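First up is the structure itself, then whatever we jot down about it.
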Amino acid sequence: MIILSLRGKPDYFIGRGSPYEMPIPNSTVIELLKNAKKIDADQLANLETEATNEKANLEELVVSQNIVSDSELVKLYSDEIGVPYMDINVKELDKETLKQVPENIAKLYNMVVVGGSIDDEKEPRQIAMVDPDDLQAIDVLHKLFGQNIKLFISTKVNIINALDLYRGNIGSEISKIVTDGEEGEEGDEDISEEDIAEDSPIAQTVNLIIEYAVKSGASDIHIEPREKNVIIRYRIDGVLKEANRLPKRTMAALTSRIKILSNLKIDERRAPQDGRFKINMNSRVYAFRVSTLPIAEGEKVVMRVLDESSEPLALEKLGFWGKALEDITEASHQPHGMILVTGPTGSGKSTTLHSVLHILNKPDVNISTIEDPVEYKLEGVNQTQVNPIAGMTFVAGLRALLRQDPNIIMVGEIRDGETAGLGVQAALTGHLVFSTLHTNNAATCLPRLLDMNIEPFLIASVVRVVIGQRLVRRLVPEECEQYTPSDEEKKEIERVFGIKTKADWDNLLKMVQDAQAEFGKDKSTKLTLWRPKKDLEGEKTGYKGRMGIYEVLKNTQEVQDLIVANGTSEEIQNKAINEGMLTMQLDGLVKAMLGMTSIEEILRVTRE
């Protein structure tokens, strides 16, 4: 694996110096930390010695060593110099307001216009800067807007993210790079060193494809050869979207460049390959899991984007609430047993497991995992990567983990009866075991274990809860509208979601009111739903980001009796519903009525 250092890129892109560069003198940093009581005398002495030895500034050291975050330090400096601090919400920035300062000037002085009407000259222009003491920058602002400006200070990372809004779309930028490069012959498979060198048009194209994937929050990048061109597609919020088309002649060089980054064999085009590389971008580390596959028109490349700097979210932030949250919390604090998460590929199972492990990760607990691949790095957790070539399979890894004195074990996926059997035995011998299975819902998971030749009485005694889940796109409040469904739509909702009586409606509205309190939403007693506005322009879809819809099946005594009696998944499901389990569809309907997502999204991911 390599860390990618991109050249031939915009100067504020990956790897440009430290994201914490701001001229706060060392003496000022010391005073700020002392006054805020963030550091003691011994720490300070060690820092000053380290700064001298490494010729680094104290500002960078205190942030890199987590003494304070960059935003905390800038806030302290803000109070010291009397310039208000601003945490810029990039999503709310208006591009026309931003462009009141030309792009080259904004990037030269690390500043952006965040407020102030273009039409009203009396309204002061609000300018966020990295260095509000930069007299040259302020002189430029006075020439542009006169004295009518208001300055704010912000972190460099914040400013860089805002500066990205000046960029055009990926199609125009890549087209310019490819046009500026050499033409070459259509379908030419001969790749020279110049074609894939660091500063070549192809390298710049790969850099842009990667950059736009990160900026747009894509989970996967698809580079697909077709008969006459190469299609670039991103999976954003679970939906594939075409971003650009390139000439077919670029495909071989693109693939070779990505193979070089991923340490793959560039001359092997007949067999699939897997690799990985990392980039640093705006102080965050992103890992790219690369897969190549020979197809009829050439080699297809898919890159999975993993943000290694992201912290696991609390279960409430993932979308758990009410009885489901209580059941998971109770089960995860048991001394032993098995907790299973089910759902299709890409439904967020690993995210849920890592959030629970993050909660349980304490100094007095030994947590060990065996995963394929290790997607999230958890500080203090012993994570093992599956490597079949070296003999490190799930079974071999699980056997080894049991000799490592673990309290909690996480198996990335139960794929066969042997892994399932070892997991059940671990749960029986005093370990808390987490794992995932590929089934359609929570109830189907238990008969699936029976198919793997696990005895019914063992399943009944070790499984604590089973979580079924899907991911739906989250509505953007400013881009959606509230509406009351018509009688026809209401009948369709009743049919799809199994609402048959007035008591069912009353029960649903009661659940909505309970959820309103937990999610901090305004209370309502009416059936209202939400949908994206019809007049959205540009790339706006009404959706941004994703959230989970869940069902949590608690293995109660009644459910255990059904398992031992070889009950069907439908019988188990009905019993769990009678005991208070909310199905994924109903959980989604409640969230749709709260304006968190739409009915269309719920049906898209749960329709069978």
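Given the condition closer than 24 Å to Lys490 by Cα, in contact (Cβ under 8 Å) with a residue 12 or more places away in the chain and of a type outside the set (D, E, K, R), answer yes or no: does some residue in segment 558-565 qualify? Quick ask: steps written out before the conclusion?
Step one: filter segment 558-565 for residues closer than 24 Å to Lys490 by Cα, giving none.
Scanning segment 558-565 turns up no residue that is closer than 24 Å to Lys490 by Cα, in contact (Cβ under 8 Å) with a residue 12 or more places away in the chain and of a type outside the set (D, E, K, R).
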Selection count where residues are under 22 Å from Ala331 (Cβ atoms), open to solvent by 10 Å² or more (accessible area, probe 1.4 Å) and part of a helix (DSSP H, G or I), scope segment 575-596: 5
Yes or no: Asp514 within 33 Å of the chain's Cα centre (by Cα) and open to solvent by 80 Å² or more (accessible area, probe 1.4 Å)? no
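Just give me the residues in segment 449-460 being touching a residue at least 24 places away in the same chain (Cβ under 8 Å), part of a helix (DSSP H, G or I) and either crowded, with 18+ Cβ neighbours inside 10 Å or under 35 Å from the mean Cα position of the chain (by Cα) (or both), in sequence order. Please lay out each step first, then the result.
Here is the first cut: in segment 449-460, the ones touching a residue at least 24 places away in the same chain (Cβ under 8 Å) are 449-450, 452-454, 456-460.
Retained after the next criterion (residues that are part of a helix (DSSP H, G or I)): 449-450, 456-460.
Those that are touching a residue at least 24 places away in the same chain (Cβ under 8 Å), part of a helix (DSSP H, G or I) and either crowded, with 18+ Cβ neighbours inside 10 Å or under 35 Å from the mean Cα position of the chain (by Cα) (or both): Leu449, Leu450, Pro456, Leu458, Ile459, Ala460.
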Pairs only if they're at least six apart or on different chains, beta carbon under 6 angstrom, first in segment 412-436 and touching a residue at least 24 places away in the same chain (Cβ under 8 Å), second surrounded by 16 or more Cβ atoms within 10 Å (Cβ to Cβ) and acidic (Asp, Glu); list them, first residue then second. Gly412/Glu371; Gly412/Asp372; Thr436/Glu413
Residues being at pLDDT below 85 and either among the small types (Gly, Ala, Ser) or over 15 Å from Ile127 (Cα atoms) (or both): count how many of those fall in segment 81-90. 0
Condition met for Ala443 (touching a strand residue (DSSP E or B) at 6+ places or on another chain (Cβ under 9 Å), within 21 Å of Trp321 (Cα to Cα) and in a helix (DSSP H, G or I)): yes
Suppose we filter segment 310-349 for residues that are surrounded by 13 or more Cβ atoms within 10 Å (Cβ to Cβ), in a loop (DSSP other than H, G, I, E, B) and of a type in the set (Gly, Ala, Ser); how many remain? 6
Does segment 482-505 hold any residues that are surrounded by fewer than 14 Cβ atoms within 10 Å (Cβ to Cβ), not basic (Lys, Arg) and not in a helix (DSSP H, G or I), and which are they? Gln482, Tyr483, Thr484, Ser486, Gly498, Thr501
List the number of the failed condition for Lys122; all other conditions in (1) more than 21 Å from Leu73 (Cα to Cα); (2) open to solvent by 10 Å² or more (accessible area, probe 1.4 Å); (3) outside any loop (DSSP other than H, G, I, E, B); (4) not hydroxyl-bearing (Ser, Thr, Tyr) hold. (3)
For Asp195, indicate whether it is more than 22 Å from Ile160 (Cβ to Cβ) and either at pLDDT 90 or above or assigned to a loop (DSSP other than H, G, I, E, B) (or both). no
Give segment 533-574 a look and list any residue that's in contact with a Gly (Cβ under 8 Å, 6 or more places away or on another chain) and part of a loop (DSSP other than H, G, I, E, B), or say none. Lys533, Leu536
Taking the criterion of being over 16 Å from the mean Cα position of the chain (by Cα), surrounded by fewer than 15 Cβ atoms within 10 Å (Cβ to Cβ) and charged (D, E, K, R), would at least one residue in segment 298-307 satisfy it? no
Within the group Lys143, Lys107, Lys75, Lys99, which residue is without any contact (Cβ under 8 Å) to a residue 60 or more places away in the chain, charged (D, E, K, R) and either surrounded by 13 or more Cβ atoms within 10 Å (Cβ to Cβ) or in contact with an Asp or Glu (Cβ under 6 Å, 6 or more places away or on another chain) (or both)? Lys75
Among residues of segment 284-295, those that are surrounded by fewer than 16 Cβ atoms within 10 Å (Cβ to Cβ) and either among the β-branched types (Val, Ile, Thr) or in contact with a Pro (Cβ under 6 Å, 6 or more places away or on another chain) (or both), counted: 3
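Per-residue answers, yes or no, for (1) open to solvent by 20 Å² or more (accessible area, probe 1.4 Å); (2) outside any strand (DSSP E or B); (3) free of Cβ contacts under 8 Å to residues at least 12 places away in the same chain; (4) of a type in the set (Asp, Glu):
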| position | (1), (2), (3), (4) |
| --- | --- |
| Glu211 | no, yes, no, yes |
| Asp220 | no, no, no, yes |
| Glu224 | no, no, no, yes |
| Ile232 | no, no, no, no |
| Ala243 | yes, no, no, no |
| Ala252 | no, yes, no, no |
| Thr255 | no, yes, no, no |
| Ile258 | no, yes, no, no |
Answer yes or no as to whether Ala396 is part of a helix (DSSP H, G or I), touching a residue at least 24 places away in the same chain (Cβ under 8 Å) and closer than 29 Å to Leu450 by Cβ. no
Could you say whether any residue in segment 409-418 is in a helix (DSSP H, G or I) and over 29 Å from Val239 (Cβ atoms)? yes
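The values are calculated or read from the model by the stated rules, or taken from the named source; none is laboratory data. These numbers were taken from a predicted model, which means no experiment stands behind them. Every residue, glycine among them, receives a Cβ derived from its backbone with ideal geometry; neighbour counts consider all protein chains shown. Keep in mind that these areas ignore ligands, DNA and RNA; they rest on the heavy atoms of the full protein, side chains included. Shrake-Rupley method; radii C 1.70, N 1.55, O 1.52, S 1.80 Å.
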